[in-house]
Each structure stands twice: as C-alpha cells, then as structure tokens.
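Read the structure below first, then the notes.
The values are calculated or read from the model by the stated rules, or taken from the named source; none is laboratory data. These figures come from a predicted structure and were not determined experimentally. So basically every Cβ, Gly included, is an ideal-geometry build from the backbone, and we count neighbours across all protein chains shown.
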Amino acid sequence: MATLSRILWADDEIDLLRPHILFLESRGYEVTSVTNGVDALDEVRKGNCDLVLLDEQMPGMGGLDTLNEIKDISADMPVVMITKSEEERIMEEALGGKISDYLTKPVNPSQVLLTCKRILDRRRIESEKASQNYLQSFGEITSALMNPLDHADWVALHQRLIKYDVELDADEGVRQVFDDQLQEANRAFSKYVEDSYRSWIAGVDRAPDQDRPPLSHEVIQKWVTPELGKDRPVIFFVIDCMRWDQWLEFESLLSPLYSMKKDYHFSILPTATPYSRNSIFSGLLPSDLAERYPRIWAQGEDDEHSRNRNEEQFLNDQLERRHIKARVRYDKLIGSKDGREFLNSVHDLLQSDLSAVVVNFVDILAHSRSDSAVLKEIAPDERAYRALTKTWFEHSWLFQAFQQLAETDCTIVITTDHGAIRSLHPTKVVGDRETSTALRYKYGKNLKCDSRHAVFVRHPEEFGLPSDHRNTNFIIAKEDYYFVYPTNYNQYVHKYRDTMQHGGISLDEMILPVITMRPR
C-alpha cells in the first residue's frame, strides 16, 4: 500500500506502543518513533514528518516544552498531545500551544488512527466528497441550463458553481469537467442577458415587481438610503472589481464580527467602472447620466481622473433628487497610503449620516495580475486568485478598519460595481481609429465582430447607453472572449490571453453581492 503520510511518535514508553505503530503502518502510514523531545526536534528539523504524536510526560524535555520548540521550527506542523494527566491546566497549556488534538492515555489504535486520518486526510476526503457531490449534480446543472432560468435562478446557479469551484481540488480530473460546464453556463447566461437586457432597461420605470434583477443604478435607493434615519451612521463600501467568490473569502473573516443580510444586483452593461460605478453613485443609467451631465460625460473614460472623479457630486445629487437630507462623506482609496490614512481616521466616519468609501485595491490587483508575470505565476487560476485576494484582505488596512467599526454602532453596506473574468479566448474585431480601447467592450462606428462572441448594440438607447454620435454602436464580449484587432493579431492575443478583464457579459462580471452588516 502506498504511503499516505509520515507520522512522528515521541514517547518515552514507545516500546509499549509497538502494536499501535504496526496498526498505523498497516493503514499505509509511515511511522518514525523516538523516545525523547530532543530526538523529536531533530526529526522535525529534517522535515521527516507530517504530523507529531507527542507524549506530554517525558523525562528531560517535556511535551509542552517540545511543543513550543516544534512550533518555532514549523508553525504549521500539526501536533497531537497524548498524556496521562487530565488536569485542566495541562489542557489549557497545550491548547495555547495550538495543538491539533488532545488524547488521554490509555489510547487505543483505532482512536489514534481516526485522529491521524482526520488531521492528515481531511482535505483529501473532503475533496473526494466534493467531487462525488459535483458529479452527482452534473446532470442536474446541465438540465437546468437547457431550461429557461430567471435572474434569481441564475444567482442560485452561480453560487452553486462557486461552491464547487472552491471545493474541488485543482489537480482533480473532475476539474476539467467542471471547467467545461462553467463555460457552458457562461454561454447560456450570455444568451439570457442578450435576450433579456432590453426588456430590463425598458422596465426600469415600471412597477417594482417587474421581472428583472436590481441593476447598478438602483443599489443606493434599494439598500443604502432605507438605512438612513435609524439613529446609526451608514457606511457604504464599493469595492471595485470584487467577484462574488472573492467576497466569500472576505466574509469568512468578517462573519465572526458582523451579522449579515445578503442580496444581489446585476451590473449594467458594459460591466466597466465608467458605466457601472457612475450608475451606482448617480442613480442613473448611462444614457440619463450623459444627458444630465453632458460636460462630464464628454471628458471620456481614459483613467480614474476622468469620468470617475465626480462620484461625490453624483451621490449628493441623487440624494437631493430623492429629497433625502443627510451629512455625507466621500472617500476614494486608491493606494496603500490612502488606506493607512483612512484607517487612522476610521472613527471619523461615525460623524456623518452616510459615508461612501470606494476601495480600488481589488481592481488594481486584477490589472496587476494582467501586467505582471510574477503575479500570474503566483495566481495562475481562479483558486489561486481568490487565495491571493484573501491574503491581502487578511493583512490589510481595510480588514483592520472593519475590525474597528465592529466595535461601534453602525450599519455597513458592501457591494461592488462589477466583477472580472479570466479572459482565455480572443475574437477579432474591426473598427475605425476612433474606436474605444477596452478589451471586453468597444464603441465606435463601423464595428464588426463575430456575433457568436459578442452582443452587437445597434441602438444604444435600448441598452440605456448614450449615443455620442450618429451611427455609434457598442459591442460587448460574451463569456471569456476578448477583442483583438487583425493588425499584429498574434502579438496581442499572446499579450492579453489569461488576463483578468471586465466590461463584458459573464456570471462573474454581472452577478454581484450586496451585503448589509451590523456589528454583533
């Protein structure tokens, strides 16, 4: 039988435990035995073990001292403390040393085996179970994709796919099956949006029960302003370019601090900051925003200092239109310096009725991954990208700010303007020299592309989009396609393949969380 894992057993009466060791070896484990703490530390330093079974009462260097030394050598090494003592003090000291489990002598072989299996094989067992569950659900998901789904159905399916994406190991053969089905889901979702989006826009002014999802421009009206006037400050965070799976990583850290109410909205098209985030703050579709603020819209969308520098004005104007009086604060946090200054004054947010905070780091991370070979190596796929985002958040000024706010009486609403998708398939586009430069959407005249890979918007007003000039059209990429011009085609295909992009139609770009949180 192939070796599963290596166990180090340190006990001064190790000869009496020979039957236990043979039992573990018969189950495929490689067991190394030592009789004292010093020898145990030598084995740990050599990297000869994946788990330590440690006797608490050994002569010389005792179990607790050995435990501390082990953790100095390898902080993540799982250690199971085994002792004759049932004193609470011993248990507390061991638990304070971050042991993985605690067994009281006498132990029997099955007890030790189950403990080792739980610690060493948990991930494998969980992964196998997840694969089994997914394969059992494969047909059900395929069947659902063949039938009409409404927006709530798509949200449920998206969250279900995210769950499997998180649980399935990257090296499992079933990953390819999952990736193919995810691509099929994005294809069906793109068709659904292409067929439905015009009616959503046409239904914006109809009754609230119109069969459509809440859209970007309705976020503040639906979730933020109803929280005003409840004798507690409201803090509204817009985390740029945050996918739902990234939010789940943040949620795992925030849930001990806050109670949460979860909802969703759909980003408007294109799923890009100049459109979706401006719509959030203005409460307007891009066509209405361009009509109300023609000079601002005419400034273009080249960078953060063009169309997206007026969010504070848009927010105040929206509140005024809705006859809402409130003391409003606005912060846009782009770099780490902004974040640290924000953290140092986070309690100042409590002096305003409504504080709006735009956090750009996740968007910066997405763009940095596209530009950096090192980051692509660190985060080669969605799983690693999620993990990288969580690592940043766990050690960030933003998490520290949430920790401080959790000690106050406030309401926090968190959302995002759009998500991002790993773009893997190029598609050719033809346009004149005035055509916009984004990779997942373009507007201009005489645009041509493969209709299988993009939605062609001949009448921008039907999509709630401004028509800057006569004959101006939009094309919006479906699934994970990105636009490349025929000139130097192969060069740009290589440059932009496997980059995180937004602006198009996909589950990760459009279906977005809205979370209302209150400190526990």
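Some observations on this one:
- In the set (1) outside the structural domain of D240 (by TED's automatic domain parsing); (2) out of contact with any Ser or Thr (no Cβ under 6 Å at 6 or more places or on another chain); (3) of a type in the set (G, A, S), S396 fails one condition alone, (1).
- Considering residues of region 13-52 that are surrounded by 18 or more Cβ atoms within 10 Å (Cβ to Cβ), within 42 Å of the chain's Cα centre (by Cα) and touching a residue at least 60 places away in the same chain (Cβ under 8 Å) only, the residue nearest to I119 (Cα to Cα): L51
Residue by residue, here is whether (1) over 21 Å from the mean Cα position of the chain (by Cα); (2) more than 30 Å from R518 (Cα to Cα); (3) outside any helix (DSSP H, G or I) holds:
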{"position": "E128", "(1), (2), (3)": "yes, yes, no"}
{"position": "Q132", "(1), (2), (3)": "yes, yes, no"}
{"position": "E140", "(1), (2), (3)": "yes, yes, no"}
{"position": "A152", "(1), (2), (3)": "no, no, no"}
{"position": "L161", "(1), (2), (3)": "no, no, no"}
{"position": "N186", "(1), (2), (3)": "no, yes, no"}
{"position": "R198", "(1), (2), (3)": "yes, yes, no"}
{"position": "K222", "(1), (2), (3)": "yes, no, no"}
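- From the list G504, G444, G464, the lone residue that is in contact (Cβ under 8 Å) with a residue 24 or more places away in the chain, out of contact with any strand residue (DSSP E or B) (no Cβ under 8 Å at 6 or more places or on another chain) and among the small types (G, A, S) is G464.
- Contact annotation: residue pairs with Cβ atoms under 9 Å, 6 or more positions apart or on different chains, pairing a residue in region 97-113 that is farther than 12 Å from I82 by Cβ with a partner that is of a type in the set (F, W, Y) and at pLDDT 85 or above, are P109/F23; S110/F23; L113/F23; L113/Y29.
- Output for region 242-262, where each listed residue is under 16 Å from the mean Cα position of the chain (by Cα) and surrounded by 16 or more Cβ atoms within 10 Å (Cβ to Cβ): M242, R243, W244, D245, Q246, W247, L248, E249, F250, E251, L254
- The helices (runs of 4 or more DSSP H) located wholly in region 291-400 that include 3 or more residues which are at pLDDT 95 or above and not polar (S, T, N, Q) occupy 311-321.
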